[in-house]
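Below you'll find the structure, written out as structure tokens, and then a few comments.
The values are calculated or read from the model by the stated rules, or taken from the named source; none is laboratory data. Predicted, not measured: the structure shown is a model, and the values here were computed from it. Here the Cβ positions follow ideal geometry from the backbone for every residue, glycine too, while neighbour counts run over all protein chains shown.
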Amino acid sequence: MIVTDLKNGTIFKDGGHPFLVLKYQHIKVSRGSAQVKVRAKNIITGQVLEKTWQSGASVEDAYIENKNAQYLYKDSNGYVFMSPNTYDQFVISEEVVGDSAKFLKEGENVIVKYFEGQPYSVDLPISMVFEIKYTEPGFKGNTVTNVYKDAELDNGTKVKVPMFIKIGDRVKVDTRTGEYVSKA
């Protein structure tokens, strides 16, 4: 792949590591050859680097594989998932699952991303529905907009919800940010 083909969101391989392009710049200097400068994130380690190449240079294509999986349960080895096609069960470590763990629900379908046969990320649906397990009652007359209170979801995760939400309500939560979206 020629470096001029690198655009925001493109994944490439450099030095044996996969990188995701966060920002792309094509720089033309008056008396020299053009340069390509990218800000890229190593998708395995999370490290963000800036890389610069002459415009004719090339980088390797990175082959990322996405596979559907269903979350089953957590054990001492990590998180156990099942392939919906083959019904094979496999374990993914806590480091790979990362922050997604706080929104995992048994039976939930996810996408597991692989680089060279090794899982590096678990992607949840953008928003998921949870039941409120505990929250303080709202106060009558307290209807000011953007007033939030703490609530605990049925999976134990804590989020901020509007004052009118009560125990037993079902709410939609953005899994990327952990923020309340709407009542479900």
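Could you check, for the stretch 132-141, whether at least one of its residues is among the basic types (Lys, Arg), modelled with pLDDT under 90 and more than 18 Å from residue 173 (Cα to Cα)? Yes, the stretch 132-141 contains a residue that is among the basic types (Lys, Arg), modelled with pLDDT under 90 and more than 18 Å from residue 173 (Cα to Cα).
Per the listing 62, 101, the residue uniquely of a type in the set (Gly, Ala, Ser) and either loosely packed, with under 13 Cβ neighbours inside 10 Å or touching a strand residue (DSSP E or B) at 6+ places or on another chain (Cβ under 6 Å) (or both) is 62. Can you confirm whether residue 146 is under 28 Å from residue 79 (Cα atoms), at pLDDT below 90 and in a loop (DSSP other than H, G, I, E, B)? No; evaluated as a whole, the condition is false for this residue.
All of 122, 181, 110, 97 fail the test of being over 23 Å from residue 42 (Cα atoms) and among the β-branched types (Val, Ile, Thr), apart from 181.
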